[in-house]
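**Student:** Pasting a structure here, questions to come.
What follows draws every value from the coordinates through simple rules; no lab data is involved. Quick caveat, the model's predicted, so the values are computed rather than measured. Don't worry about glycine lacking a Cβ; one is built from the backbone with ideal geometry, like all the others, and counts go over all protein chains shown.
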There are 2 protein chains.
Amino acid sequence: MIENYVHYQLTENVEVLRLLDYETKYFEALWEIPEGIAYNSYIVKSYDSVVLVDTWKIGYGDKLVELLDKIGALDRLTHIITHHLEPDHSGSLVELIKAKPDIIVVGHPLSAKLIESQYGIRVNFKPVRDKEELKLSNLHFSFYYTPWLHWPETIVSYLHNDKVFFTCDVFGSYGAYREKLLSVLNSEERSRYFKLARKYFANVVGHYRDFVLKSLNKLLELVERSEYIAPAHGLILERDETLYMAKLYEKWAKGTDLKDFKILVIYNSMYGFIEKLINKLVESLKDTGYNISTYAFTWNKRPLISEIIGDAIDASILIVGVSTYENKTFPLVEYTIKLLVHKVGCKKTIIIGTYGWSGKTTELKNILKNLGCSEVYCYETTPSQLLDVIRQVKNLIKMEAQFSQ
Amino acid sequence: MIENYVHYQLTENVEVLRLLDYETKYFEALWEIPEGIAYNSYIVKSYDSVVLVDTWKIGYGDKLVELLDKIGALDRLTHIITHHLEPDHSGSLVELIKAKPDIIVVGHPLSAKLIESQYGIRVNFKPVRDKEELKLSNLHFSFYYTPWLHWPETIVSYLHNDKVFFTCDVFGSYGAYREKLLSVLNSEERSRYFKLARKYFANVVGHYRDFVLKSLNKLLELVERSEYIAPAHGLILERDETLYMAKLYEKWAKGTDLKDFKILVIYNSMYGFIEKLINKLVESLKDTGYNISTYAFTWNKRPLISEIIGDAIDASILIVGVSTYENKTFPLVEYTIKLLVHKVGCKKTIIIGTYGWSGKTTELKNILKNLGCSEVYCYETTPSQLLDVIRQVKNLIKMEAQFSQ
């Protein structure tokens, strides 16, 4: 039996088949997602055939085949459009090809090779060029290359008949929603949805944010022509809210919101010394009105790194409170900062270090330098002297805030 | 009110005051300890005064002072022996000095400076030399330097009167036990206790394992003379079981047990390809009788890194199954392996890599090389070809096992 899915009619020719995944705790085995995730596969019907746009996550192929059979779409299935080969969207190919060996898989030319190396199967493959049009019975598709969003061979597709824009990972979000459209959410739910979309963007697409900027105009042109924007994760969007999300994409990809000076604070505190400093510092910055987010690694706290990276993407400045641990940078902070820079790029950074035997703030500064981050300021002292640095750090932040506005 | 502690008479002159800490989830803000931890402070009574041997974790000073007062030990408290300045043992100094400003703190000469830089206080300090004896009323102590176990200024002390050997972190363990002596545990509980001691050793002392070997004879001589061995964490040991634990220390510090060929497998699997390979590999190694431990980072599994490091310390060979992630080593595996090498040293390592777009196993090999690990073998292929490497890896492991025996 197939559970945890929803099936909606979206337009005259398009249906949504969404798998709701509440079981995956770590997306890509890396990102903590207590909110769950969903995989949208779209059924596009012509008068005599069915085209499937993307599939479900690997492991659910048999269920997808069973469901397509149950709703009468399997028999007439002739084509699968695969926007890229990531196994959360291409993961049912093996079972679909097994059920219907003659299916034609449509995708970027590189995808054929990836299908073979990833799944060990050969398929009837129809490569498409950038901007190529494809008519299947009465259906009229166009394909567009959007390289590195977030796989090298990523494409998106547009169904002229119903003005539906299939965007794969672009404009997608975490969360396992049962609703069809984003527009039915109330304002609080919408706000949460956009935070999940930001987290998804930072975690999954973040490393390729420059490619987002490169493809943005192409995407926007298509959005302008569309009635529905149909991503492979999350809810289906309408034109205006997609234009709003595209503005967020631009802001996230550029890495800061100049109007909203935001401070991201990440610290570890082995025995409470740094925590005391950070608490005083955040307290003393409250009257400035800056937006401050704080994440702590302590004896009883361990934040989700997926949330930190999501929150980091539009931060103007990063404050890192870090211990020296066995003559090195505290390992969890080093791990977090390196992943943060990989995903959302360099931030203006203030490192506040504390040490017992010997200081190592410069090590983290060098790590950042090796990652290409040059604007890094260091303050380092012993636990008993830590509070002295608050005034200096506060002055530096005020100066940066002035420059940013 | 003071809760979660136990108070025992150990010998004629020595009492145990143990704080049971079930609240700390991450020891040193790093190591996951669902088993909890305890801090042993020892009250040593002469006919006219009280000496405290180590204190409780920072944050519990007021409670310790209150309790010492309640049991009538505060009034006569004249000396505190501090074996090193880590705040889980020295963390009540501020409150104790506040309650009794004339107390004399006894420790390694470097400790005075650390007390000032860490807590911002000056104390009446009595430095002791290696092997120095100290008579306080009718009490007769000796002190021994054990540098870098695991702080630079670590000392241990011996009470001649009652043949009690105070070892601070040495021979300690995780776990918040209420029992006084290790000897009261049944064999299953003892087995668990030694696993927790191994985990503690690897997590906390592991990086300084060469210093363990350097101090081991000195420690053994003292153990031979002792009736009770009184660590700062965990249960109190008697002579024979401490000699057994010292043998384990030697094995752990040397990094492998030649009689027991043990394979540690750590892998990540983003979409199940590597997991399938590792499962087949482990299955195919079962008939060899090797001891195999497996830790997986997947869509629904995230092992405790404290447990991995604990289990790694006596492994003969390490198998790492790792994805290429955005043209780099999968971040959580890189983090784990680097921390593992920092804590328990290089292992003979077999890296099995899988990639979609391009392979990067060599990156992890280079990371290991930069950490000084030279015996690293790489196998790298695409998901669909992964199973081909099993035979090769199995042959390599069998060869290594023969060499090890």
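**Student:** I'd like the FRET efficiency for A:SER374 and B:TYR47, computed as 1/(1 + (r/R0)^6) with the beta carbon distance as r and R0 of 51 Å, rounded to 0.05.
**Tutor:** 0.15
**Student:** Return the loop-located GluC sites (Glu not before Pro) in region A:112-202 (DSSP other than H, G, I, E, B) with at most 10 other Cβ atoms within 10 Å of their own Cβ; answer none if there are none.
**Tutor:** The qualifying sites: there are none.
**Student:** On to the next question. Give the residue from B:ILE274, B:GLY59, B:SER111 lying farthest towards the positive end of the charge dipole for chain B; charges sit on Cβ (+1 for Lys and Arg, -1 for Asp and Glu) and the dipole is referred to the Cα centre.
**Tutor:** B:ILE274
**Student:** Moving on. So if each residue of separation counts as 0.36 nm, and I subtract the Cα-Cα distance between A:LYS328 and A:TRP357, what length gain in nm does that give?
**Tutor:** Using 0.36 nm per residue and subtracting the Cα-Cα distance, I get 9.3 nm.
**Student:** Dipole magnitude of region B:301-405 about its Cα centre, charges +1 at Lys/Arg Cβ and -1 at Asp/Glu Cβ only, in debye to the nearest 20?
**Tutor:** 20 debye
**Student:** Once you put a point 7 Å from the Cα of A:ILE367 and another 7 Å from the Cα of B:ARG129, both along the Cβ direction, what distance in nm separates them?
**Tutor:** 4.2 nm
**Student:** Can you find, among B:CYS168, A:TYR355, B:MET245, the residue farthest towards the positive end of the dipole of the protein assembly as shown? Put +1 on the C-beta of Lys and Arg, -1 on that of Asp and Glu.
**Tutor:** Result: A:TYR355.
**Student:** Place the label 7 angstrom along Cα→C-beta at A:ASN370 and in each other copy, then list the distances from the first to the rest in nm, shortest first.
**Tutor:** List, nearest first: 0.3 nm.
**Student:** Highest first, please rank the peptides B:54-62, B:197-205 by the mean number of other Cβ atoms sitting within 10 Å of their residues.
**Tutor:** B:197-205, B:54-62
**Student:** Here is a follow-up. Taking the DSSP beta bridges in the protein assembly as shown as the whole, what percent of them are antiparallel, to the nearest 5?
**Tutor:** About 45 percent, rounded to the nearest 5.
**Student:** Okay, moving on. So what is the calculated 222 nm ellipticity per residue for chain B, using -39500 (n - 2.57) for each DSSP H run with n of 4 or more, over all residues, to the nearest 500 deg cm²/dmol?
**Tutor:** Roughly -10500 deg cm²/dmol at 222 nm, from the helical runs in chain B.
**Student:** Let me ask something additional. Can you list the distances in nanometres, one decimal and ascending, from the A:THR11 label point to the identical position in each other copy, with the point 7 Å along Cα to Cβ?
**Tutor:** Spelled out, the distances from A:THR11's label point are 8.6 nm.
**Student:** Looking at region B:262-404, send over the antiparallel percent of its DSSP beta bridges, to the nearest 5.
**Tutor:** Here the share of antiparallel DSSP bridges comes out near 5 percent.
**Student:** To the nearest 0.05, how large is the calculated FRET efficiency for B:ARG122 and A:SER191 if R₀ is 45 Å and r is the Cβ-Cβ distance?
**Tutor:** That gives a FRET efficiency of 0.25.
**Student:** Same structure, new question: Under the 0.36 nm per residue contour assumption, what length would be gained going from the current alpha-carbon distance of B:ARG391 and B:GLN9 to full extension?
**Tutor:** Full extension of this stretch gives 131.6 nm more.
**Student:** Quick one: with label points 7 Å out along Cα→Cβ, list the inter-copy distances for A:LEU134 in nm, shortest first?
**Tutor:** Label point to label point, same position, other copies: 8.1 nm.
**Student:** Select from A:TYR244, A:TYR377, A:TYR208 the residue whose mean-square fluctuation is largest in a Gaussian network model of chain A (Cα-Cα springs shorter than 10 Å).
**Tutor:** Of the options given, A:TYR244 has the highest mean-square fluctuation.
**Student:** Moving to a separate point now. Placing unit charges on C-beta atoms (Lys and Arg positive, Asp and Glu negative, everything else neutral), compute the dipole magnitude of the protein assembly as shown about its Cα centre in debye, rounded to 20.
**Tutor:** Dipole about the Cα centre, nearest 20: 1340 debye.
**Student:** Right, something else. With +1 on each Lys and Arg Cβ and -1 on each Asp and Glu Cβ, how big is the dipole of region B:233-322 about its Cα centre, in debye rounded to the nearest 20?
**Tutor:** So the dipole magnitude of region B:233-322 works out to roughly 320 debye.
**Student:** Here is a further query. Give the chain B residue with the shortest beta-carbon distance to the rotation axis relating chain B to chain A, plus that distance as a whole number of Å.
**Tutor:** B:TYR335, 2
**Student:** Something else now. List the cysteines of chain B that have no other Cys Cβ closer than 4.7 Å: which are they?
**Tutor:** Within chain B, the cysteines lacking a partner Cβ under 4.7 Å are B:CYS168, B:CYS378.
**Student:** What is the mean number of Cβ atoms from other protein chains located within 10 Å of the Cβ atom of each residue in peptide B:118-127, rounded to a whole number?
**Tutor:** 2
**Student:** At a threshold of 8 angstrom on Cα-Cα distance, excluding pairs fewer than six apart, so keeping six or more, what relative contact order does chain A reach in percent?
**Tutor:** 11 percent
**Student:** For region A:5-254, with the dipole built from +1 on Lys and Arg beta-carbon atoms and -1 on Asp and Glu ones, taken about the Cα centre, which of A:LEU19, A:PHE194, A:TYR8 lies farthest toward the positive end?
**Tutor:** It is A:PHE194, whose Cα lies furthest towards the positive end.
**Student:** Ignore the peptide's own chain and count Cβ atoms of other chains within 10 Å of each Cβ in B:307-318; give me the average, rounded.
**Tutor:** Per residue, the number of nearby Cβ atoms from other chains is 0 on average.
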